[in-house]
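Peer 1: Structure provided below as structure tokens; questions to follow.
Derivation of every value follows stated rules applied to the coordinates shown; laboratory data play no part. Keep in mind it's a predicted model, so treat the numbers as computed, not measured. FYI the Cβ positions are ideal-geometry reconstructions off the backbone, even for glycines, and counts take in every protein chain you see.
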Amino acid sequence: MTNCRSHNPLRPFPATIIKIIDETPDVKTFQMAFDDPEVMENFKQKPGQVAQISVFGVGEATISITSSPTKKGLLEFSVKKVGMLTSALHRLEPGCKVGIRGPYGNHFPYEKMKGKDLLFIGGGIGLAPLRALIDFVLAEENRKDYGNIEIIYGARSVDDLCFKYDILERWPQMPGTKVYTTIDRAEQGWEGHVGFVPAYLEEINPTPKNKYAITCGPPIMIKFVLQALEKMGFSDDQVITTLEMKMKCGIGKCGRCNIGSKYVCLDGPVFYLSQLKQLPPEF
Ligand code: FES
């Protein structure tokens with residue numbers, strides 16, 4: 001039987017789509033499982049890692065794994081329809097075959113985070129990689145290792161909020177967990193907060209004491225979130241973000257993902273702000 005070690009790293013393993021959840025008009029979450037249970041068992045991802053998903057006859061793309069490793073027997077990927085590959089993925093149905101290879105990249109420093117409070121700040125589909133870590137720290141077997149959890153999440157509109165079942169229902173009920181949800185502009189039927197994520201963050205004004213801030217979202221949101229965190233007194237080593245752009249091979253071979261001297265697929269996608277500040281200014 002083929003196992004992960006002897007396998008050509010560029011050849012994906014066959015997998016099947018089990019379930020598809022419509023998150024927003026252009027984002028779907030795919031639950032997938034490897035066809036070979038041994039491959040599924042050996043796929044040991046850590047929160048923050050990515051995988052390459054292939055749609056046969058179309059190509060492949062790097063997608064962050066949005067499910068926690070504590071969720072066994074399947075993987076979840078939330079995919080925004082932005083190009084040919086992701087559009088092809090969106091046309092598939094439960095039961096369709098895909099290929100998966102990985103996991104790739106580094107991961108959130110969940111060991112270092114033990115004993116700390118965690119502040120998650122996400123925008124739009126940017127909540128997808130954060131969700132892997134949120135569900136990891138909230139899992140029964142890990143919860144005692146971490147302090148309070150705050151999650152600030154926003155999207156353009158109610159329709160654009162991903163994982164509504166988590167942000168509005170499941171996570172707010174978890175012990176020691178607070179969820180703050182916002183949409184950019186007021187709309188009928190929404191009684192929650194209205195405003196951009198960085199402004200909401202400043203309003204909430206969390207203390208940096210004994211805390212890590214982990215953020216992912218559109219570049220413009222990240223820019224203002226980082227400024228706000230700095231104003232609140234977070235040091236560059238307390239702020240972590242994740243980048244996924246430009247990955248192709250995922251294993252340091254194609255040279256597509258380099259930023260200065262770093263390769264996102266090998267050195268990232270997770271970076272401390274202190275590391276990001278050493279990269280060329282466009283990032
Ligand atoms: S994705 Fe090919 S070198 Fe990083």
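Peer 1: Using a 10 angstrom cutoff on alpha carbons, build the Gaussian network for the chain and name the most mobile of Leu85, Leu161, Leu75.
Peer 2: Taking springs between Cα atoms under 10 Å, the residue moving most is Leu85.
Peer 1: Starting from the stretch 55-117, pick out the GluC sites (Glu not before Pro) whose DSSP state is loop and whose Cβ has at most 15 other Cβ atoms within 10 Å. Can you show the working numbers first?
Peer 2: Working: sites: Glu60, Glu76, Glu111; in loops: Glu111.
Here the GluC sites (Glu not before Pro) that fit, given the DSSP loop and packing criteria, are Glu111.
Peer 1: Once you order the gyration tensor axes a ≥ b ≥ c over the Cα atoms, which shape class does the stretch 1-112 get: rounded for a/c under 1.5, otherwise prolate or oblate by comparing a/b with b/c?
Peer 2: On the way: a/c = 1.58, a/b = 1.21, b/c = 1.30.
Oblate shape, in that a/c is at least 1.5 and b/c is the bigger or equal ratio.
Peer 1: Let me ask another. Tell me, how many Å apart are the Cα centres for the stretch 93-122 and for the stretch 153-221?
Peer 2: 19 Å
Peer 1: A further question on this structure: Against the longest principal axis of the chain, how steep is helix 127-138, in degrees 0 to 90 to the nearest 10, with axes from Cα atoms?
Peer 2: Rounded to the nearest ten degrees, it is 80.
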